Amino acid sequence: MSGAADPDGTAGERRARRPVLPAVGISCYVLAVIAGMYLLEDEVGAALQTLLFIVHGFLLMALIEKLGATESSPGAALFVVLASVMCVYVAAGARDDLTLQQRGNRVTATVVKEWLDPAQGRKARDHNYELEHQDGTSVPGSALKSMSDSYDVGQTVTVIEDPEGELRPQTPGQADATGDLVGAGAFGLAALCAVAWMAWRGSDTAKRRDAREPTARLRKAYQAVTRNHTTPVQQEENLRQALRTCPSDRRGYIKANPEDYPDVSHRRAARIAWEMGLRAEAAGNRGSWRFAETVVEEVPHS
């Protein structure tokens, strides 16, 4: 039946072994969010933008978990969200520069007034310059800004002005959008690389888990040699009993021998341990199953 339960999580394991299509889908989703937030950047306030990015982070974490690297999904999702925020922020700056270049006029103006931004803690104070045309009319837009004391009152400077007055005037060097475009592309690429890295980690975790799982033929051979003909239900109950009674080692792990539970997969054992308040360790087991309240890398159990 198509709606049958999947207690061992075989569907999730198949996704983890073949992560290319899910990773491509997640990458397309990340790019769509970046493009959407870029278009909405001037339409919505900062509070709504922050809320949308928080929702995006939770959705992204759920999607990355499907790639198989469950323990690393929160950190990866946070990195992708931060990279997306920076991509949108830098791209918005590049958009203003490109707009100014396209519709702006290059003029020679005179500095008629100079002042510093108000002091805000240790933040550097930008220099502001009020500009006038040669005929005495004001240059449209806000004051020209500079991080250093570049001009004096009475000095002439070549700037690109916005005839509509929506953008502040900038010098030709300030209006160059090349650096912003490269920066936005770098942040977007970093977000996509994080998704690809998580897909590789999920696939690698699934492969290592498969390498530790005994095959059906080995399980039958083990049953014939040891005459262990317990049913899967009995083996699960034996595992529960072992987790309740076996002492932990000096590192806090409870160890179990997978050969004592030939019909129980590692993923199913992780689920049983999770029901008892423990987690299954995915790394460094060396032929044993290890369970503890806190692990380095958890075996997925859902």
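The values are calculated or read from the model by the stated rules, or taken from the named source; none is laboratory data. Every value quoted in this text rests on a predicted model; they were computed, and no experiment measured them. Cβ coordinates were reconstructed from backbone atoms using ideal geometry, including for glycine residues, and neighbour counts include every protein chain displayed. Heavy atoms of the whole protein, side chains included, go into the accessibility calculation; ligands, DNA and RNA do not. Shrake-Rupley method; radii C 1.70, N 1.55, O 1.52, S 1.80 Å.
Report the local net charge at Val112: Lys and Arg +1, Asp and Glu -1, summed over other residues whose C-beta lies under 14 Å from its C-beta.
-4
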(message) Can you give me the solvent accessible area of Lys123 with a 1.4 Å probe, rounded to the nearest 10 Å²?
(response) 130 Å²
(request) Report the net charge of residues surrounding Leu52, where surrounding means a beta-carbon distance below 14 angstrom and charges are Lys +1, Arg +1, Asp -1, Glu -1. (result) -2
(request) Taking all protein chains together and a probe of 1.4 Å, list Tyr89, Tyr253, Tyr38 from the most accessible to the least accessible. (result) Tyr89, Tyr38, Tyr253
(request) Could you compute the FRET efficiency for Ser138 and Ala32, with r as their C-beta to C-beta distance and R0 at 45 Å, rounded to 0.05? (result) 0.60
(request) Please list the non-local residues whose amide H lies under 5 Å from the amide H of Leu144, H modeled 1.01 Å from N, same-chain partners needing a gap of 5 or more. (result) Tyr129, Leu131
(message) Could you check the spin-label model distance between Arg122 and Tyr89? Points 7 Å from the Cα along Cα→Cβ, value in nm.
(response) 1.8 nm
(request) Sketch the reach of a paramagnetic label on Ser148 as a point 7 Å from Cα along Cα-to-Cβ, and name the residues of the range 102-138 whose backbone nitrogen lies under 18 Å away. (result) 115-117, 124-129
(request) Mind checking the full-extension length gain between Trp197 and Glu293? Use 0.36 nm per residue of separation minus the Cα-Cα distance, one decimal, nm. (result) 31.9 nm
